[in-house]
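Read through the structure below, which is laid out as C-alpha cells, and then see the notes.
Please treat every number below as a calculation from the coordinates, not as lab data. Because the structure is predicted, anything quoted here is derived from the model rather than measured. Every residue, glycine as well, gets a Cβ built from its backbone with ideal geometry; the counts of neighbours run over all protein chains shown.
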Number of protein chains: 2
Amino acid sequence: MTRSIAPGDRPEARKRLTAAERRTQIIAMAREVFVEEGVNGARSRDIADRAGITEAYLYRHFHSKDELFQLAIDEPLDRMITVLSNDTRELAARNDVDRVEVVRRTHELLLGCMVEIAPLVAAALLSGGTGKNQFYADYLFPRLRDVLALVIPDITGYPTKAIELDLFVDAMIGIHLTIALEHLLENKPVDVPVVAEQVTTMFAVGVGRRPR
Amino acid sequence: MTRSIAPGDRPEARKRLTAAERRTQIIAMAREVFVEEGVNGARSRDIADRAGITEAYLYRHFHSKDELFQLAIDEPLDRMITVLSNDTRELAARNDVDRVEVVRRTHELLLGCMVEIAPLVAAALLSGGTGKNQFYADYLFPRLRDVLALVIPDITGYPTKAIELDLFVDAMIGIHLTIALEHLLENKPVDVPVVAEQVTTMFAVGVGRRPR
DNA sequence: GTCTATATACAGATAGAC
DNA sequence: GTCTATCTGTATATAGAC
C-alpha cells in the first residue's frame, strides 16, 4: 500500500537536524496544526507529517501531545499576556503623557495583544476534552481580568459612574477579544490604531442618545 | 466484571416509554451531557446511561451523535436567536416608547438572550472536531450580527459618531456574550435588568474622561 | 537521528436475540 | 421496546531495527 503523502515531501525537512533544532521545528509545526485544527482536531500524525518526520520520532522528542500543546500554545500565550501586563503597568505609571492619551494607548495595547493571541485562543477554545483542560476559563480569562482590573482604576475615569469594575473589565475584554476573533475568523486584518481609537471614543463619550 | 453504574439506576428511567417520549427524553439528557462536557467530551455512553438505556438502544433512535447534537444544541440555539430577532424588531417598530427606553430594553433583550444561550454556546465552542463544525464562526456569529445590524441603526444614536457599524455590532455582541459566559463559568447568576442598565449607560454616555 | 511495525485503548455504531 | 455482544475505525504511544 503506497502512501500518497510521505514524510519528506517538503525538501527542506529532509535534512538531519540536531535534537534541539528538531524540537524547535516540531513545536513550530505543532503550533500551526493546533491553530488550524484546534487541539482536538489536531492529529499528532499531521504534526509529524508537517515536520517531515514520523509519529514515532515525534514521540522521541515529546512525551505526549499534551506536552506539545503546552509548549506550542500555552507558553506563548502566557508570555504574551505577561508582556501586556508589563506594558500597561508601565504606561499607567507614566506622568509625561496626558491621561486621555494613556487611555487611548491602553486600548491600543489591549487590542494589539488580543489580535496576537486570538489564533492561539481560538485553538485553545477547541480543547474541550474529557472535562479537564478548562484552560480558557480557569487560566486565561482570570489572568486577563487581573491585568486589567489592576490598571483600569488608575487610567480610566472609572469609577466615575455607577458601573461595577468587574463589568467594566468584562466589557473591555469582550469588545477587544470579540473584534480580534471576528476579524480572524473572516480573515480580515485589524487596523489596530484606527479601531483602538474608535473603541476609545465609544468608551469615553458613548455613541447613543443620553438617558435622562 | 460487574459494572458499578448500571443503566436503570434512576428508578424513573426504568419505565417503558413510547418511541416519541424516549426520543424527547434522550434529547434532553443529551443536552445536559453536551453542556457539561462539551461536544467532544460528551460520550454517547454517558448520554445513554443518563437516559437509563444502553448505547445500542440510543442508536435505534438516532443515526449518529452528530444528529443528536443537532437536535439538542443547534436547534434550540436557532430558536432562541429567532426569538431575539423578533423581539428586537418588534421593539424597534414601536412608537409608543421613548427611544432612550428602547435602547435600554434592547440591551436587556440581548443580554437576556446571551445568558440563555451561553451554556449552549459554551458546549458548541468545544466542538472542534476534524475541521468541520465551524458552528460558531460560520453560523452563530453571523446570525447574531445580522440581527443586530438590522436593528441598531434604527434604535441607537448611531451613526452619531465616527464609529463603524460593524465595530459597534461586534462591541455589543462581545460585551453581552462575555458577561454571560463569564458569569456562567464562575457560576454566578446575572442580574439582567441591573447589568443591562449599566451597559446602556456605558454605551450611551461613556465612562471615562472625554478626549479633547 | 530516523524508520517500520505494532500495541493499546476506546469511541461510535451495528447485529441479532428476547 | 430493550438488551448482550461485537465490529470497525482511528488516535496516541511504544518497541526495536537500521
- prompt: Nm distances between the label at B:Thr24 and the same-position labels in the remaining copies, 7 Å along Cα→Cβ, shortest first?
  reply: 6.3
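State, as an integer percentage, the relative contact order of region B:72-205 based on alpha-carbon contacts under 8 Å between residues 6 or more apart. If you can, show how the numbers build up before the last one.
Details: 86 pairs, mean separation 47.8, N = 134.
Relative CO of region B:72-205 lands at 36 percent.
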- prompt: Which distances, shortest first and in nm, link B:Arg145 to the matching position in the other copies, using label points set 7 Å out along Cα to C-beta?
  reply: 2.9
field: Pairwise label distance in nanometres, A:Val194 with A:Thr54, each label 7 Å out on the Cα-Cβ vector
entry: 5.2
query: Which distances in nm, rounded to one decimal and ordered from shortest, link the label point of A:Ala56 to the equivalent label points in the other identical copies, with labels set 7 Å from Cα toward Cβ?
result: 4.0
